[in-house]
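See structure below.
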Amino acid sequence: MSVRVRITATVAALVALTLAGAGLLVYAIETQRLEQQTADDVDQELDEFARLNGGGVDPVTGAGFASVQDLLELFMRRNVPDDDELLVGWVGDRVVNLSPREDPLVADPAFLAAAAPLVDEADTVRLETAGERLMITSQPVRRGGERGALLVVVRLEEDQSELLDTMRTYAIVAALSLLLVTVVAFWQSGRLLAPLRVLRETAEEIGETDLSRRIPTSGNDDITALTRTVNGMLDRLESAFTGQRQFLDDAGHELKTPLTVLRGHLELLDTGSPEEVAETRVLLLDEVDRMARLVGDLILLAKSDRPDFVTLEPVDLAGLTEDLVAKARGLGDREWVLDGAAAGTLQADPQRLTQAVLQLADNAVKHTAPGDTVAIGSSYDGSRVRLWVRDTGPGVPPEQRDGIFERFGRGPVPEGDEGFGLGLSIVSAIAAAHGGRVLVEDAEPHGARFVLTLPATLTSTEEHPWPAS
Ligand SMILES: Nc1ncnc2c1ncn2[C@@H]1O[C@H](COP(=O)(O)OP(=O)(O)OP(=O)(O)O)[C@@H](O)[C@H]1O
Ligand SMILES: [Mg+2]
């Protein structure tokens, strides 16, 4: 079931419930009011009758009423009963007068039977006869030996049927309103949800192959915000897919070259000449090593997204920095210098950090000549640990500083360099896995300085690993 139908159904149900509730309430209150009104009307008639009976005088004789019939007659002449009322004058055992007019009711035996006892006792009875609902209230009266009564008969049906008519009109109006509200709710929810439908349809149309499409945005509501979010997600997906495709493409090309070399050498190889075989063997092993290194780098990069890429443990920063200089010495005949080492312990993966710094040191060696200086150092500024490798080579021109950190991104390299351009992406990945980053800047007086910045708190090392000398 669509959201549109659900919204419409909810609105319709609420409105129907409200209208029905209001109708029932009005009906109950009105019924109550009508009953009260009827009772008040009857009371008023009886009060007037009692006043006439008590203090009234016969206008003909000027004295009190001689007979009950005279009293009843005068009362009925003076009183105009309501539409739904019938005044019945009763003397002895029979009806003597009626107001406003003759009524078939006085011939109804059921009525007479119900009314007769009321002549002697003031009371109210309800009666259903000949399809009518009646309320009969009596006021007995005595004069001399005569006994009589005034009966006020109210036809309850009349008020009731008026109320029912009103309620019927209300029901029709309510039903029409409900219909109108439902139609408007259906239309309006459709209008509001239209962008969502467009969003879904477009998202369905966008396959993996066509990530360039975007969902059109209009308006300024939260659905538009959602559309923008989805578009932003598509931007990221597209660049991730493009990056991946580019990466595979580059990796394929890089692998193809050594394979071509292998094939070319094997094709031309004269197996009869032992020297040539030995020479080719060395060459081919070299190529295979190169391929193995590339595959190793690729696997490392692929792993770098995984959470277990780094295993954090307490690392003594000063010790690590000194170790790094010692390890880097093996990379080449350079003037290896320790720029400085911050003391303290941080949470990091020492193997990965070593790997990163050695990559940087390898680059530094590649871009310098024997006798040049390559320095390694670390520092701490209260919130970040910096680990750097500085050289006195040509440095990196500012316009290349972004590109060289990309996968397979390479700048100018010395003659005969066989790198792939993956070293700095590995360093980047290691920095990112530690929540940090790597950047390159100019070194003093010349050359490049690659800095790994890692957010970390350095805790002071209580026990110094080496005894003070
Ligand atoms: N110390 C440096 N001085 C000058 N340029 C550098 C230095 N280190 C790196 N670069 C530039 O950055 C580029 C990318 O370096 P990166 O380490 O990613 O690749 P690579 O060293 O060429 O190959 P690989 O590391 O995969 O063997 C290099 O090609 C080089 O142009
Ligand atoms: Mg490198």
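Here are some notes:
- Integer Hz, Karplus 6.51/-1.76/1.60 couplings in order for region 332-342, x for Gly and Pro: x, 7, 10, 7, 7, 10, 9, 6, x, 9, 7
- When DSSP beta bridges are restricted to pairs lying wholly in the chain, around 90% turn out antiparallel.
- Vicinal HN-Hα couplings computed from phi for region 259-272 (Karplus, 6.51 cos²θ - 1.76 cosθ + 1.60; Hz; Gly/Pro x): 5, 4, 4, 4, 4, x, 5, 5, 5, 7, 5, 8, 5, x
- For region 170-227 and region 79-96, distance of Cα centres in Å: 70
- Proximal charge balance of Arg449 [Cβ under 9 Å; K/R count +1, D/E count -1]: -3
- For a straight C-alpha distance cut-off of 18 angstrom, the lysines reachable from Lys366 (same-chain residues fewer than eight places away being disregarded) are Lys327.
- Accessible surface for Trp388 stands near 30 Å², nearest 10, in the context of the full protein assembly shown (1.4 Å probe).
- Across region 236-247, rounded Karplus estimates of 3J(HN,Hα) from the backbone phi angles (6.51 cos²θ - 1.76 cosθ + 1.60, θ = phi - 60°) give 5, 4, 4, 5, 5, 5, 4, x, 5, 4, 4, 4 Hz, Gly and Pro being marked x.
- Charge dipole (Cα centre; +1 on Lys/Arg Cβ, -1 on Asp/Glu Cβ; no other charges) of the chain amounts to roughly 720 debye.
- Here the dipole of region 222-303 is about 500 debye; that uses its Cα centre as origin and unit charges on the Cβ of Lys and Arg (positive) and Asp and Glu (negative).
- Placing unit charges on the Cβ atoms of the charged side chains and taking the dipole of region 3-162 about its Cα centre, the candidate lying farthest along the positive direction among Trp90, Ala114, Ala130 is Ala130.
- Unit charges at the beta carbon, dipole of region 346-469: most positive-side option, Ile404, Pro414, Asn363: Ile404
- Taking amide hydrogens as placed 1.01 Å from N in the peptide plane, the amide H of Ala456 sits under 5 Å from those of Arg384, Val385, each at least 5 positions away in sequence or on another chain.
- Taking the C-alpha atoms only, the angle from helix 156-205 to the longest principal axis of the chain is near 10 degrees.
- For the chain, the per residue solvent-accessible surface stands at 58 Å², with DNA, RNA and ligands left out and a 1.4 Å probe.
- Each of the peptides 257-269, 342-354, 72-84 was scored by the mean count of other Cβ atoms within 10 Å over its residues; in descending order, highest first, they stand as 342-354, 72-84, 257-269.
- Region 12-55 and region 431-446 have Cα centres lying 90 Å from one another.
- Each Lys or Arg adds one and each Asp or Glu takes one away; over the other residues whose Cβ falls under 11 Å from the Cβ of Leu192, this sums to +1.
- Amide proton proximity set for Val337, modelled H, under 5 Å, gap of 5+: Val374, Ala375, Ile376
- The charge dipole of region 310-455, taken about its Cα centre with unit charges on the Cβ of Lys, Arg, Asp and Glu (plus for the first two, minus for the last two), comes to roughly 300 debye.
- Atom-type composition of the exposed protein surface of the chain places 56 percent of the accessible area on carbon and sulfur (1.4 angstrom probe).
- Farthest toward the positive end of the dipole of region 222-303, out of Leu294, His265, Met233, is the Cα of Met233, where the dipole comes from beta carbon charges about the Cα centre.
The values are calculated or read from the model by the stated rules, or taken from the named source; none is laboratory data. Since the model is a prediction, treat every value here as computed from it, not as a measurement. Counting neighbours? That spans all protein chains shown, and the Cβs are built from the backbone with ideal geometry, glycine included. For accessibility, only protein heavy atoms count, side chains too; no ligands or nucleic acids. Shrake-Rupley method; radii C 1.70, N 1.55, O 1.52, S 1.80 Å.
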